[in-house]
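The structure appears right after this line, and notes come after that.
The values are calculated or read from the model by the stated rules, or taken from the named source; none is laboratory data. As the structure is a computational prediction, the values presented were derived from the model and not from experiment. Heads up, the Cβs are rebuilt from the backbone with ideal geometry, glycines too, and the neighbour counts pull from every protein chain shown.
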């Protein structure tokens, strides 16, 4: 992040530079009396040729106002500030956007209708996890979580802005979103110390190429954050977007289990989407997670489905119904707790994630709920990965690393096994819980195909001798969770 500072009423010919899809933070001095969080609207309009981006700014306390600008085109951008107070309005400057750093591909977007890609067109295949309240734990535990993520298989993580009150997650955070303390928060004054700590973790994830799927609201609350007024909700959304939208790895998840937040109506959720859609200059991905009832994903402001459902065999149904990417963010977690959503085996979780993938969805549903004396369960607090599935998530990701992922679709070839394919080029079958020892492989009669037998649990790939075409019968190991991949020789 580049940084520049301007005193009030100053004008800079050249403010600084930043690489594409990084951001520059421009700082201004302004009024601190009364409540600038709620009373001062401020930002800047950035221009490059005929293009304009209106970027909201935010108050960071102590008379400091900031605008964070993430350029999506190289060149010399100019800007002019706008504000409801004269001391901050009409300031101008310029920012040079240089080429992206090596390995930086930009924010993730939708590659219509069913896939994801980075802004530069590179396909993105999310393999994700959930650690809802990891940023609300002691700093040392957060550091440990970052180290585990650095070594782990995941390129996406679901995480909450607000702390969580739920079983195995009853501790108070070190800092809160708002000024005040439990029982006396001021929902119109934000706590910059909290936000700086939260942003630090988003930046660390960004540098690890991990997408931060930011959960904006959730029902598991004892502090009053889930029952704020409409005006307080809207102020929060505006501040959230102004502070963190310049991080390229941000996704907006409007709720964890939106349908359990009974105080809010469907009209409220529509309004939340509309607000973020209107003020996010970078149009980060937008979704909402369910418990039982789906939000209407057909609405134009929803980019993709964030699904909680144990029946992942319905992925192709949801693809057909909504014609958007389907992300299985929760299908029960690997673990041993008393709740049925948190005590399936690693084998069953991996089966569900392979089924998800084979039916055209994305396998981001990892979470762990193993008991331990410290009550540090990954799904809530991060910490240490204890299960058998993470290494298998890495294997799944590796298997698809060189696949034409944004050209694959589920196909119906008259068989009982799910098939994912790029017609006449790439095919994969998956046996799931079935354990055939004889398999009839149905391939096009034209061309020659190399065939691999993939043991998805034991993480082994065996290539069959020779090449194949048409209908071919061969032997399988006679155990479940086997994938068969056929790739046409060039």
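Observations on the structure shown:
- In the stretch 269-293, the residues that are outside any helix (DSSP H, G or I) and surrounded by fewer than 19 Cβ atoms within 10 Å (Cβ to Cβ): 283, 291, 292, 293
- Among all residues of the stretch 190-204, there is at least one that is modelled with pLDDT of 95 or more, touching a helix residue (DSSP H, G or I) at 6+ places or on another chain (Cβ under 7 Å) and not in a helix (DSSP H, G or I).
- Condition met for residue 480 (out of contact with any strand residue (DSSP E or B) (no Cβ under 8 Å at 6 or more places or on another chain) and free of Cβ contacts under 8 Å to residues at least 24 places away in the same chain): no
- Taken together, 108, 95 contain a single residue that is out of contact with any helix residue (DSSP H, G or I) (no Cβ under 6 Å at 6 or more places or on another chain), crowded, with 16+ Cβ neighbours inside 10 Å and closer than 19 Å to residue 17 by Cβ, which is 95.
- Within the stretch 380-409, being in contact with a strand residue (DSSP E or B) (Cβ under 6 Å, 6 or more places away or on another chain) and farther than 28 Å from residue 215 by Cα holds for 404, 407, 408.
Per-residue answers, yes or no, for (1) part of a loop (DSSP other than H, G, I, E, B); (2) under 18 Å from the mean Cα position of the chain (by Cα); (3) outside the structural domain of residue 368 (by TED's automatic domain parsing):
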position	(1), (2), (3)
296	yes, no, no
299	yes, no, no
310	yes, no, no
314	no, no, no
318	no, no, no
328	no, yes, no
341	no, no, no
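- Scanning the stretch 358-398 for residues that are more than 13 Å from residue 346 (Cα to Cα) and over 21 Å from the mean Cα position of the chain (by Cα) yields 371, 372, 373, 374, 375, 376.
- Residue 209 being surrounded by 19 or more Cβ atoms within 10 Å (Cβ to Cβ) and either within 18 Å of the chain's Cα centre (by Cα) or not assigned by TED's automatic domain parsing to the domain that holds residue 290 (or both): no
- Candidates 385, 377, 371, filtered to the one that is outside the structural domain of residue 474 (by TED's automatic domain parsing), surrounded by fewer than 18 Cβ atoms within 10 Å (Cβ to Cβ), within 30 Å of residue 172 (Cβ to Cβ) and modelled with pLDDT of 95 or more: 371
- Residue match in the stretch 89-98 (condition: within 30 Å of residue 367 (Cα to Cα), modelled with pLDDT of 95 or more and not assigned by TED's automatic domain parsing to the domain that holds residue 157): no
- The criterion of being surrounded by fewer than 20 Cβ atoms within 10 Å (Cβ to Cβ) and at pLDDT 95 or above does not hold for residue 392.
- Residue 296 passes every criterion in (1) in contact with a strand residue (DSSP E or B) (Cβ under 9 Å, 6 or more places away or on another chain); (2) within 17 Å of residue 325 (Cα to Cα); (3) surrounded by fewer than 22 Cβ atoms within 10 Å (Cβ to Cβ) apart from (1).
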